[in-house]
Amino acid sequence: MPLLITGSSRQSPDWIAQQGDGWMTYKRPGEAQDRVLQGRHARLKALGQPMKPVLQPLSHDLSDEADAGPEPIHLGVRAGHRWLSTYFKHLEEIGVSHVALNLRFNRAPIDQTLDRLARDVLPQFA
């Protein structure tokens, strides 16, 4: 069974890199996530470890407006599907392999939101 380390779990970055099969880290603003993941990749390489999956949670409220830019919400953003797709592409480029999308703060009916995500966002990552 794979072991994903959540956050730092009171362990050193080296321990996390050596012992975990993957890492679940928190959403960070802007370039901060880039720097953290660059450090992780360098640490894995220095320790002779293979690249390992990185998971990031994201609370999201999908705006009705496709082009709506991001507005902060608790542990995430409210934005349209075009911004969300661009953000997911950026995360993929910096090494995030999984996003746990939390729709708890979503204002639209969940079935409609899931349909919109399936139609407008997910096909770009198939």
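Nothing in this text is a laboratory measurement; each read-out follows from the coordinates by a stated rule. Here the structure is a predicted model, which is why all the values come from computation and not from measurement.
Between amide H atoms placed 1.01 Å from N, distances below 5 Å from D61 occur with V77, R78, A79, all of them 5 or more places distant or on a separate chain. Computed from Cα atoms, the angle from the helix 110-120 axis to the main principal axis of the chain rounds to 80 degrees. Relative to the dominant Cα principal axis of the chain, helix 81-94 is inclined by about 10°. Report which label in (i) 55; (ii) 50; (iii) 71 holds the value of percent of Cα pairs over 18 Å apart derived from the coordinates of this structure. Comparing each candidate, only (i) matches the computed number. Compared with the dominant Cα axis of the chain, that is its longest principal axis, helix 30-46 is turned about 30°.
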